[in-house]
Each structure stands twice: as C-alpha cells, then as structure tokens.
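These notes are about the structure you will find just below.
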Amino acid sequence: MKKSVLFLFFLFSAVVLHAQWDWYNPLAANGSGVSFVHNQGWNEDGGNYRRLPLRAEGKVRKEVWNLSGESAGLAVRFVTDAENIRVRYQVTGGYSMPHMPSTGVSGVDLYRLPEDGRPEFCFGSYSFADTVSYAYHVDRGIKSAADVFVLYLPLYNGVKWLEIGVEEGKSLSFVPVSGKKRPIVLYGTSIAQGACASRPGMAWGNILSRSLDVPLVNLGFSGNGRLEKEVLDFINELEACVYILDCMANLSGSEAGNVKSLVKDAVRQLRGRHDAPILLVEHAGYSNGLTDRARHEAYMAPNAEQRKAFEELKEEGVENLFYLTHEELGLDPDSWVDYVHPSDWGMVQQAAAVEKVLRGILE
C-alpha cells in the first residue's frame, strides 16, 4: 500500500514538473502604435518599462532619469481562462532595502478584475533568484470562464524583461492601452513612488487608481520630487483628468524657503497649457513629529509656504486649483514604517484622503 502511494506521488510530481507552459511577452506584443504597458505616460519608444521617454535623458537631472527606470505604477493587463498563471522576470537592481521588503521593492502583484465589483487580490508564491518567479492559482468556479487581470510591476526596481505563462491549451491575450480615459498624473516623492509598501498593489497611487477605476501615471521620484521645471515640461505633455503635486516631503530641508515660489511657478507652468484640476498635497508629517521638535518644524514649514502659494494663486484668479492639508491626510504615529515612509496602513489612509477630494473634483 505504501509503495503504491509513493508511486502515485512521484508520478503526479513528474507530471507537474513536466507540464508544458506557453509564455507571453507584453513588449513583444507591441506594434502599430499599440501598447500593452498601462499607466505609462509615454508609449513612443517601441516598448519598455520606463516612466519617462528616452528623450528625457539629459533633459532631467541624472537622479530623476535613473529613477524613471524603476517601474512604479506600471501595469500589464491580460485576459486568460487559465487557473494557473506564472510570471517570470529579471530586475535591474537589488531585491530589497533595509526598511522595505523584496515583495515591495522588486515584486509583482496580481488582481482579478470582475466586471462588477472590487478588484480581487490573487496571492502568488514567489522566489527571488537571478530570475524572479511568481506562481498563482485562481479558482474561478466556472472552468470555462475567462477573466481580466492586472499585474502591477515592481515599485523600486527596473524590469529587464518579463513573461507571463499559462499551461498549454489555455489562452492569454494582452489588453491594449485604450486611451479612452484621461489619467491622473501624480508628481511626487518616494512616498508617491511607493515607499514603503509591502507589495506594489499597496502603493497609494495604485490603491487610488483601483478605487476610482482611472489610470494613474506615477511620477514619484525617491528623494527627487522637487517641482522642477524640466520634469514639469514633460508632465505638461500629458493630458490628465487631474494633476497631483505632492512634493513637500522633498522640500523640507534647505529648499523650504523657496517652496512658495516653486509651487506658484509649477501651477502657472501647468495652467499655461491645461485647464484640468490641480491638487496640491501637504506633507503628511513624520512619525516622530510629536516627540521631535525639529521634525515637527521640518514638515510644518514647507506646508505653510505651500498654503501661502495656494492662497495667492487663488487671489490671482487661478481656477480649478484644490488643496489637501496635513490634517485631512490624517496619518498617525503608527502609519509609518520609519520616520516618513508610510506602511500599508499609511498608504490606505493617504489613498482614502486623496480619493475623497478627487471624487468631489471629478464628479
């Protein structure tokens, strides 16, 4: 009896190991102006996982250019009838950081998108090696049904190549970017880029995009969200449903004295080409702001200057300009991983606060 059980076990294992898989590359599917990389502001370079176009190199600071190679906010959508889905890819840098796990820095995140209802999270077992791999099992109940999925790419790493696999005999097709909905364009700091979410789907921009069912172009640049004219020149090329400027966390040091002029110049630069709403977001604060006076002042100062800029712009007659305060963001000391980067809970809080304002603006 024991020998029979062992034989069946090894036979089953062999079948699993030798199952045939078909692999699909979303970049290889590009062509004739069609792109399958969602939430990407520019689809002009023949297919890549960058957040700025290739022509931005040399026009924006080197630090910004390098960070634009990290795929925060980018996603791939596909339709499949497979119950077993695999993802394999290689990244350009290290897998993790001291305060952010590999699953957030370098991992991917899969959600099923039902026709009606909230996106459904799919857990995948994963392995971080030279090639990162994820394996998902999605039990639909209806075996013949095909579902739409969205795969979020790494927040703090670049993607060299990526393939999605399904078992032989199952179908998979990528969903092209339609352009029917104008995106939210988010310009910000490491917090906007996604630090320190435990996985890509928990970055507040991705949470917001799912909740509103609106594409979001993530232009968060870790340590480098500084309201720079050169970056705003590229943002001005994008037709957005709303522009979000969330840069105060990178303007709390020596640049704090210039915040008012930077904010006013940024708003005027955008308003020179677009009449879409602009939302200014205050610094959410620091986890130790209540126990460290210097930290408290470090976020209060730029917030006060941005508020002055907002009020002066409104007095000048700038329309469709909105504001979100530190108090409305509502993060508390337990909302952060360290002193400034939100945990998943902090990301949910920030997304909810921004969503509340945007629903009033967009509806």
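The values are calculated or read from the model by the stated rules, or taken from the named source; none is laboratory data. Predicted model only: the values in this text are computed from it and were never measured. Cβ coordinates were reconstructed from backbone atoms using ideal geometry, including for glycine residues, and neighbour counts include every protein chain displayed. When the accessible area is computed, the model is the full protein with side chains, heavy atoms only, and any ligands, DNA or RNA have been set aside. Shrake-Rupley method; radii C 1.70, N 1.55, O 1.52, S 1.80 Å.
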Practice problem: For residue 230 and residue 316, calculate 0.36 nm times their separation in residues minus their Cα-Cα distance, and state this gained length in nm to one decimal. | Solution: 28.5 nm
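Roughly to the nearest percent, how much of the accessible area of the stretch 311-358 is carbon and sulfur, given a 1.4 Å probe?
Carbon and sulfur atoms account for 50 percent of the accessible area of the stretch 311-358.
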Practice problem: Just read off the accessible area of residue 99 with the full protein assembly in place, 1.4 Å probe, to the nearest 10 Å². | Solution: 60
Quiz item: According to the Kirkwood expression over distinct Cα-Cα pairs, how big is the hydrodynamic radius of the stretch 37-194, in Å?
Solution: 16.7
Quiz prompt | the stretch 123-259: relative contact order as a whole-number percent, Cα under 8 Å and 6+ apart | solution = 24
Exercise. Rank these by accessible area, largest first, 1.4 Å probe: 300, 248.
Key: 300, 248
Practice problem: Quote the relative contact order of the chain in percent (integer), defining contacts as alpha-carbon pairs under 8 Å separated by 6+ residues. | Solution: 16
Quiz prompt | Over 26 Å (Cα to Cα) - which of 59/264; 229/356; 314/356 fall in this group | solution = 229/356
Quiz item: If you keep only loop residues by DSSP, which chymotrypsin sites (Phe, Trp or Tyr not before Pro) in the stretch 188-252 have at most 15 other Cβ atoms within 10 Å of their Cβ?
Solution: none
Exercise. Would you mind getting the accessible area per residue of the chain, heavy atoms of the protein chains only, 1.4 Å probe, in Å²?
Key: 46
Quiz item: So, with a 1.4 angstrom probe, what is the percent of accessible area on the stretch 146-260 that is carbon and sulfur?
Solution: 46
Exercise. Give, in nm to one decimal, the length gained when the segment between residue 290 and residue 146 is fully stretched (0.36 nm per residue of separation minus the Cα-Cα distance).
Key: 46.7 nm
Self-check item: Neighbour cut-off at most 15 other Cβ (10 Å), DSSP loop, GluC sites (Glu not before Pro), the stretch 117-204
Solution: 168
Quiz item: Relative to the longest principal Cα axis of the chain, at what angle does helix 2-17 sit, 0 to 90 degrees, rounded to 10?
Solution: 50
Quiz item: When only DSSP loop residues count, what trypsin sites (Lys or Arg not before Pro) in the stretch 161-218 have their Cβ near at most 12 other Cβ atoms within 10 Å?
Solution: 180, 181
Quiz item: Counting only protein heavy atoms and using a 1.4 Å probe, what share of the accessible area of the stretch 74-125 belongs to carbon plus sulfur, as a whole percent?
Solution: 48
Self-check item: Whole-Hz couplings from phi, Karplus 6.51/-1.76/1.60, listed for the stretch 71-83; x for Gly and Pro
Solution: 8, 3, x, 6, 8, 10, 10, 8, 10, 8, 9, 6, 8
Quiz item: Tell me, what ³J(HN,Hα) does each residue in the stretch 322-328 have, in order and in whole Hz, if you take phi through Karplus 6.51 cos²θ - 1.76 cosθ + 1.60 with θ = phi - 60° and put x for Gly and Pro?
Solution: 10, 9, 10, 8, 4, 5, 6
Quiz item: Among 42, 23, what's the order by accessible area (1.4 angstrom probe), most exposed first?
Solution: 23, 42
Quiz item: Along the three principal axes, how long is the chain when you take its alpha carbons, biggest first, rounded to the nearest angstrom?
Solution: 82, 50, 40
Quiz item: In square nanometres, what is one fourth of the surface area of the convex hull spanned by the alpha carbons of the stretch 15-114?
Solution: 9.2
Quiz item: Which ³J(HN,Hα) values in Hz, rounded to whole numbers, follow from the phi angles of the stretch 100-107 under the Karplus curve 6.51 cos²θ - 1.76 cosθ + 1.60, where θ = phi - 60° and Gly and Pro get x?
Solution: 8, x, 4, 5, x, 5, 10, x
Practice problem: Quick one: which residues, 5+ away or cross-chain, put their amide H under 5 Å from the amide H of residue 336? H built at 1.01 Å from N. | Solution: 343
Quiz item: By how many degrees, 0 to 90 and rounded to 10, does the Cα axis of helix 293-315 deviate from the longest principal axis of the chain?
Solution: 70
Practice problem: Compare the peptides 74-85, 326-337 by average per-residue count of other Cβ atoms within 10 angstrom and give them in order, highest first. | Solution: 74-85, 326-337
Practice problem: In Å and from the alpha-carbon atoms only, list the Rg and Dmax of the stretch 145-210. | Solution: 14.8, 44
Practice problem: Using label points projected 7 Å from each Cα along Cα→Cβ, tell me how many nm separate residue 178 and residue 275, to one decimal. | Solution: 2.6
Self-check item: Percent RCO, i.e. relative contact order, over the stretch 95-197, from Cα pairs under 8 Å lying at least 6 residues apart
Solution: 29
Quiz prompt | Long-range amide H partners of residue 84 with built H, under 5 Å | solution = 138, 167
Quiz prompt | Two-decimal Rg/Rh across the stretch 101-235, once Rg and the Kirkwood Rh are taken from alpha-carbon atoms | solution = 0.99
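Nearest 500 deg cm²/dmol is fine: what mean residue ellipticity at 222 nm does the chain get from its DSSP H runs of n ≥ 4 alone, each adding -39,500 (n - 2.57), divided by its residue count?
Per the formula, -8500 deg cm²/dmol.
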